[in-house]
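The structure appears below as structure tokens.
Bear in mind these aren't lab numbers, they're just calculated from the coordinates by the rules spelled out. Bear in mind the structure is a predicted one, so any value in this text is a computation, not a measurement. Note that each Cβ is placed from the backbone with ideal geometry, even for glycine, and that neighbours are counted across all protein chains shown.
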Amino acid sequence: MSGDYGHGDSQVNSGSKGSETHKHKDKHKDKEHRHKDHKKDKEREKLKHSNSEYKEHSEKKHKDRDKLKHSNSSSDKHREKHKEKRKEEKIKSSHDKPKKEKENGYVRDASPPAIKSEPEEDNGFYASPQHNKTSKREYNNQEFECKPKKVKVEHDRKAQKRKHEYEEDEEDEDIKPKKKTKDKRVTEGKKSKKEEEEKWKWWEEERYTDGSKWRFLEHKGPVFAPPYEPLPDKVRFYYDGKPMKLSAPAEEVATFFSKMLDHEYTTKDIFRKNFFKDWRKEMTSEEKSKITDLNKCDFTEMNEYFKAQSEARKQMSKEEKQKIKEENERLVQEYGFCIMDNHKERIGNFRIEPPGLFRGRGDHPKMGMLKRRIRPEDIIINCSKDSKHPKPPPGTKWKEVRHDNKVTWLASWTENIQGSIKYIMLNPSSRIKGEKDWQKYETARRLKKCVDRIRTQYRDDWKSKEMRIRQRAVALYFIDKLALRAGNEKEEGETADTVGCCSLRVEHVKLYPKMDDQEYVVEFDFLGKDSIRYYNKIPVEKRVFKNLQLFLENKQPEDDLFDRLNTSILNKHLQELMDGLTAKVFRTYNASITLQQQLKELTCPDDSIPAKILSYNRANRAVAILCNHQRAPPKTFEKSMQNLQTKIEEKQNQLSAARKQLKVAKSDHKASHDDKSKKAVEVKRKAVQRIEEQLMKLQVQATDREENKQIALGTSKLNYLDPRISVAWCKKWGVGIEKIYNKTQREKFAWAIDMAEKDYEF
DNA sequence: GTTTTAACTTAGTAATCTGCAG
DNA sequence: CTGCAGATTACTAAGTTAAAAC
């Protein structure tokens, strides 16, 4: 490994460029606070940011992180400068409405895009069986009045046929819309709308090829957070020991804080500092001059008031609760659905996020800031021109109403903490989400076909004479082997300090040429998405190890491990290897293939159903571990484990009792040989068998739960595992699908449940 | 080319619901 | 019927990625 990879120039950092260094000193101060006191839950703490060893270690390292950050290379320095600049701008613009407005508002608006009034080619259409001529024509004339008169319905027979066509074709091409060869069926059947709507099989229809997401979209707009209700006078806030009546805006923000008093983070410096700063902005000038020290604020009365309130809510009579429930239901009925292309679809989140105090995950520099109340004037509505536009609440206006059918959202607003955009979108069971999900798995299946080639290539690239190529190849190896996330760069100081593959720093890996009986071991220890700790020690191939040593040469702990790489470079490369390939496809692919392979390995044909389900959960667990999906051990874990143990013991006692009875019955029978005693034996035998089964079930449950203590299965099940694998497995072994997927999940995966047969292969 | 933004997926936790043992 | 544990749902933060803007 010597000079032959032109890496001599900039990737190795040469001496620090001093001037940048000091600017950031303050930031370190903040950083030192991070990682210190954490989640209220100690256990969780252990799991997430894990042992203090990690914390200390990372704190120390951060101290002089910036020093080096800037010394890295000229381009790095450049980057940093931009970051700074942007940060300043951001701060300014948060006070500077007009500018923001422009960014979000008019840009697109200038040329209201969206719905073409001319139909394109036939094949540009999302043609469903019931998009018969009539409905098409409706669409085509949409400059005028073409609101679908009725929500269409599905139920066709021919469509069944298409199920398989899809699968086969997809083998090669991913789901491409079929030619519109099927004739349209008009089926305004007799069934109730609801029933029919449930049966709509969008997956048997063709998809848009022109990049549009819908032709028609109508909805009622979002539901806003209820207005603030001032506290009763008897609930008081004290400053410096004296009661003080706050103005409504200041009081509201104070209630946010008071509600969180039990949370540990209200004791954190950053949280308190951010909160106080934002709170003061809401105060009147008198309040501002009086309230100068958060430590002198006493919110306990308010806190108790809210606790009492929630207690009272729990104690409400059944009728009252019922009433609230019904009211809620009404709201869902009215606002929870939209009509998209002839079908009524469920909206995922039709309520606007209420105001409150921001709590990021992990050590977030913005924790405690005020998340402001969203008003109609902040909302952009998206719907089709020819739909009945949602009405803003009386006396208010929308920020904008646009008609962009190249996107899937119904409404959006800009959030004030990070300046990012939030959206109202459809439920996962909707066509628009389902198609995308399906497509995701098809892309992963295409990767399956060429993954060998890609692996061969990146192994080859470990030997490249170009540093950037080696880095790319090693990073890809990690992404493939360890299912790491891509790892975008983040703005320092804006978010918690977390990393993914491309943003790994020197301090996150340790190399051990020898460890126990293994060679070339790499130890990873870093905080990933949501500040979940990733800790892993794995042996790697010698070449990878040598390359890592090379990447680490002459670098400081806070320097990037892959200084010649970022996600954009990586994804561009991947795109060239396979159409649609990006870093995250590897996670999907590896998760799904692991499930399939684990199921094959773990399922014993002779096992009982519960044992099979345990196998399924174990296979699922293998994936969750691969993807590092963790959770806090449930607060009641120990207790519930114990309860289960007690149950098991009881059951064991029952079993031995039942066995005794069986024995007795048997000897009775031997003695008398009559029919009656024979029957008794049978009965007892059955009882024993039943109890054995129950016991087994309990034991399996205990094992499952124990193994699952700090692993979350839900995330992978919902986002990474091709549902058709699970459906096929259920069909193959006669396990009810509801044993694996609950109602919501079955709705989301309806397409898979409908189309996968027992021999489906990912 | 680099940075920024928009759009959408993925993520863990808190709140709420449900069904079952007592 | 009631309380509570486990299941489900709601919520919203935090990622990824492609495209737009500089």
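Remarks
- Hydrodynamic radius of the range A:239-363 per Kirkwood, over alpha carbon pairs, in Å: 17.7 Å
- Peptides ranked, highest mean first, by Cβ atoms within 10 Å: ranges A:740-748, A:482-490: A:482-490, A:740-748
- With K and R counted +1 and D and E -1, the other residues having a Cβ less than 12 Å from that of A:Leu602 yield a net charge of +2.
- Taking only the Cα atoms of the range A:448-535, the radius of gyration and Dmax are 14.6, 43 Å.
- Considering only Cα atoms, the convex hull volume of the range A:417-474 works out to 134 Å³ per residue.
- Using the average count of surrounding beta-carbon atoms within 10 Å as a protection proxy, the listed peptides A:262-271, A:438-447, A:712-721 rank, highest first, as A:438-447, A:712-721, A:262-271.
- Net charge of Cβ neighbours under 13 Å - reference A:Leu713; Lys, Arg +1; Asp, Glu -1: +4
- When each of A:Lys448/A:Lys600; A:Lys366/A:Lys529; A:Lys433/A:Lys743; A:Lys647/A:Lys676 is checked by Cα-Cα distance, pairs over 22 Å: A:Lys647/A:Lys676
- Global geometry of the range A:599-708, whether rounded, prolate or oblate, following the gyration tensor of its Cα atoms and the 1.5 cut on a/c: oblate
- Of the peptides A:237-250, A:205-218, the ranking by mean beta-carbon count within 10 Å, highest at the top, reads A:205-218, A:237-250.
- Normalised by residue number, the volume inside the convex hull of the Cα atoms of the range A:571-635 is 108 Å³ per residue.
- Cα Rg, Dmax (largest Cα-Cα span) when computed across the range A:278-325, Å: 17.4, 48
- Sorted ascending by nearby beta carbons within 10 Å, beginning with the fewest, A:Leu561, A:Leu602 become A:Leu602, A:Leu561.
- A cut-off under 14 angstrom between Cβ atoms defines the neighbours of A:Asn303, and their net charge, with Lys, Arg +1 and Asp, Glu -1, is -3.
- Shape category assigned to the range A:362-516 from the gyration tensor of Cα positions, a/c cut at 1.5: oblate
- Arranged from fewest to most other beta-carbon atoms within 10 Å of their beta carbon, A:Arg373, A:Arg313 become A:Arg313, A:Arg373.
- Taking all Cα-Cα distances within the range A:333-437, those exceeding 23 Å account for 35%.
- Rg/Rg_globular for the range A:501-567, with Rg_globular taken as 2.2 N^0.38 Å and Rg from C-alpha atoms: 1.11
- Here the range A:682-762 is treated as an ellipsoid with the same Cα gyration tensor; its semi-axes, largest first and in whole Å, are 29, 19, 10.
- Directionally averaged shadow of the range A:539-650, computed from the convex hull of its alpha-carbon atoms, nm²: 12.7 nm²
- Per residue, the average separation of C-alpha pairs within less than 8 Å and at least 6 apart gives the range A:261-382 a relative contact order of 31 percent.
- Remark: for residue pairs A:Lys242/A:Lys635; A:Lys201/A:Lys406; A:Lys514/A:Lys584; A:Lys242/A:Lys281, the C-alpha separation exceeds 27 Å in A:Lys242/A:Lys635; A:Lys514/A:Lys584.
- Each of A:His343, A:His403 was scored by other Cβ atoms within 10 Å of its Cβ. Arranged with the fewest first, they read A:His403, A:His343.
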